[in-house]
1. Going by the conditions given, is Leu71 within 12 Å of the chain's Cα centre (by Cα) and assigned to a loop (DSSP other than H, G, I, E, B)?
2. Which members of the range 12-34 meet the condition of being assigned to a helix (DSSP H, G or I), of a type in the set (A, V, I, L, M) and more than 17 Å from Glu90 (Cβ to Cβ)?
3. State all residues of the range 79-95 that are of a type outside the set (Asp, Glu), in a helix (DSSP H, G or I) and in contact (Cβ under 8 Å) with a residue 40 or more places away in the chain; if no residue qualifies, say none.
4. Among the numbered conditions (1) at pLDDT 85 or above; (2) in contact with an Asp or Glu (Cβ under 6 Å, 6 or more places away or on another chain), tell me where Lys58 comes up short.
5. Residue under question is Lys66, and the condition is that it be open to solvent by 50 Å² or more (accessible area, probe 1.4 Å) and at pLDDT 80 or above; does it hold?
Amino acid sequence: MKDVLVDGSELLADIGERLNKEIRAVKNWRNLAYRLNISNEKYSAFDTSKEKAKSPTKMMFEWLAKWKPALNIGDLLKSVKEIDRFDVVEIITKEAQAGEFVLYKLNNFVD
């Protein structure tokens, strides 16, 4: 069972695939960023709608790793539930146990 969302992980790819989609009436990574108290000024930098090769969800987790390293699975799940993305809740809970866990680990941010 994974306890870390790592760069290139299947879990991060699954979360990104779901949250990166721009579908009317379906909340996405922007709504999650707002719920995680990331300012609009900060999360607007994650918008890669013109650059299809980049994942705004991945960029958001990179930012969280650097600026909110104490964020735990409970915080993430609460925020995902608040945006009514129970599909994402399901894939996270399948991979992680309740309690503290590192949300994202990149060599650049975490040793």
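1. Numbers: within 12 Å of the chain's Cα centre (by Cα): yes; assigned to a loop (DSSP other than H, G, I, E, B): yes.
When the stated conditions are applied, Leu71 passes them.
2. From the range 12-34, those assigned to a helix (DSSP H, G or I) are 12-19, 29-34; that's our starting set.
Imposing the further condition that a residue be of a type in the set (A, V, I, L, M) reduces the set to 12-13, 15, 19, 32-33.
The one that is assigned to a helix (DSSP H, G or I), of a type in the set (A, V, I, L, M) and more than 17 Å from Glu90 (Cβ to Cβ): Ala33.
3. Initial filter on the range 79-95 (of a type outside the set (Asp, Glu)): 79-81, 83, 85-86, 88-89, 91-94.
Now restrict to residues that are in a helix (DSSP H, G or I): 79-81, 86, 88-89, 91-94.
Of everything in the range 79-95, those that are of a type outside the set (Asp, Glu), in a helix (DSSP H, G or I) and in contact (Cβ under 8 Å) with a residue 40 or more places away in the chain turn out to be Ser79, Val80, Val88, Ile91, Ile92.
4. (2)
5. Numbers: open to solvent by 50 Å² or more (accessible area, probe 1.4 Å): yes; at pLDDT 80 or above: yes.
Considered against the rule, which asks whether it is open to solvent by 50 Å² or more (accessible area, probe 1.4 Å) and at pLDDT 80 or above, Lys66 comes out as yes.
The values are calculated or read from the model by the stated rules, or taken from the named source; none is laboratory data. The model shown is predicted, which means the values in this text are computed figures rather than measured ones. A quick note on method: Cβ atoms are made from the backbone with ideal geometry, for glycine too, and the neighbour counts reach across all protein chains shown. Heads up: the accessible areas ignore ligands, DNA and RNA and are worked out on the full protein's heavy atoms, side chains in. Shrake-Rupley method; radii C 1.70, N 1.55, O 1.52, S 1.80 Å.
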